[in-house]
Amino acid sequence: MSTYFPKGEIARKWFVVDASGQTLGRVASRVARILAGKDNPQYTPFADMGDHVIVINADKVKVTGLKANAKKYYAYSGYPGGMKSEEYKKRMQRKPELVVEQAIKGMLPKNKLGRAMASKLKVYKGDKHPHAAQKPAAVEAVTK
């Protein structure tokens, strides 16, 4: 048995995911799967086989339960007393793209390969995006 390795150019497709009314985690897991290339028949764990993904309507994504009030985002500067925290509601008002982007990046590998996968992600607040020339195909995120 030998490991399959794709030869030549990797044909990357473009997909658009509408996050309006969708649950944050379900959208993030679906998009992370596409970015990693796990839906691709030529998937190879150690190669970046993923496609480009555009997420629109990031401001209309929802969370379930009490997470809207309890969820916090932390950032540490590395200095003593340098811990900052921001509540989910404030971040959604300030920059909803960051909430969706961080959820997706958290589901990708934490190495050079994961950063390459994350570079193919584009997140937009509204329903307009500047990637119409790439003719992205619509992807249905899991609804529940």
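Can you give me the ranges of the strands (runs of 3 or more DSSP E) entirely in region 54-144 with at least 3 residues that are touching a strand residue (DSSP E or B) at 6+ places or on another chain (Cβ under 8 Å) and open to solvent by 30 Å² or more (accessible area, probe 1.4 Å)?
Those strands (runs of 3 or more DSSP E) span 72-76, 83-87.
From the list 28, 36, 103, which one is farther than 30 Å from residue 8 by Cα, modelled with pLDDT of 95 or more and touching a helix residue (DSSP H, G or I) at 6+ places or on another chain (Cβ under 7 Å)?
On the way: 28 fails: farther than 30 Å from residue 8 by Cα; 36 fails: farther than 30 Å from residue 8 by Cα.
Being farther than 30 Å from residue 8 by Cα, modelled with pLDDT of 95 or more and touching a helix residue (DSSP H, G or I) at 6+ places or on another chain (Cβ under 7 Å) holds for just one of 28, 36, 103, which is 103.
Considering only region 28-47, state which residues are in contact (Cβ under 8 Å) with a residue 40 or more places away in the chain, closer than 21 Å to residue 5 by Cβ and open to solvent by 30 Å² or more (accessible area, probe 1.4 Å).
If the condition is that a residue be in contact (Cβ under 8 Å) with a residue 40 or more places away in the chain, closer than 21 Å to residue 5 by Cβ and open to solvent by 30 Å² or more (accessible area, probe 1.4 Å), then 46 is the only one that fits.
Pairs only if they're at least six apart or on different chains, beta carbon under 8 angstrom, first in region 98-115 and in contact (Cβ under 8 Å) with a residue 12 or more places away in the chain, second open to solvent by 40 Å² or more (accessible area, probe 1.4 Å) and among the acidic types (Asp, Glu); list them, first residue then second.
Partner pairs satisfying both residue conditions: none exist.
Which ones in region 1-24 are within 18 Å of residue 117 (Cα to Cα) and touching a residue at least 12 places away in the same chain (Cβ under 8 Å)?
5, 6, 10, 12, 13, 14, 15, 16, 17
Being of a type in the set (D, E, K, R), in contact with an Asp or Glu (Cβ under 7 Å, 6 or more places away or on another chain) and open to solvent by 50 Å² or more (accessible area, probe 1.4 Å): is that true of residue 12 here?
Yes.
Out of (1) of a type in the set (S, T, N, Q); (2) exposed (fewer than 11 other Cβ atoms within 10 Å of the Cβ); (3) not in a loop (DSSP other than H, G, I, E, B), what's the single condition that is false for residue 3?
Single failed check for residue 3: (3).
Taking the stated definitions as given, is residue 102 of a type in the set (S, T, N, Q) and more than 13 Å from the chain's Cα centre (by Cα)?
No.
The values are calculated or read from the model by the stated rules, or taken from the named source; none is laboratory data. Computed from a prediction, not measured in an experiment: that's the story for all the values here. Please note: Cβ atoms are built from the backbone with ideal geometry, for glycine as well, and neighbour counts cover all protein chains shown. Just so you know, the surface numbers come from the protein's heavy atoms only, side chains and all, with ligands and any DNA or RNA stripped out. Shrake-Rupley method; radii C 1.70, N 1.55, O 1.52, S 1.80 Å.
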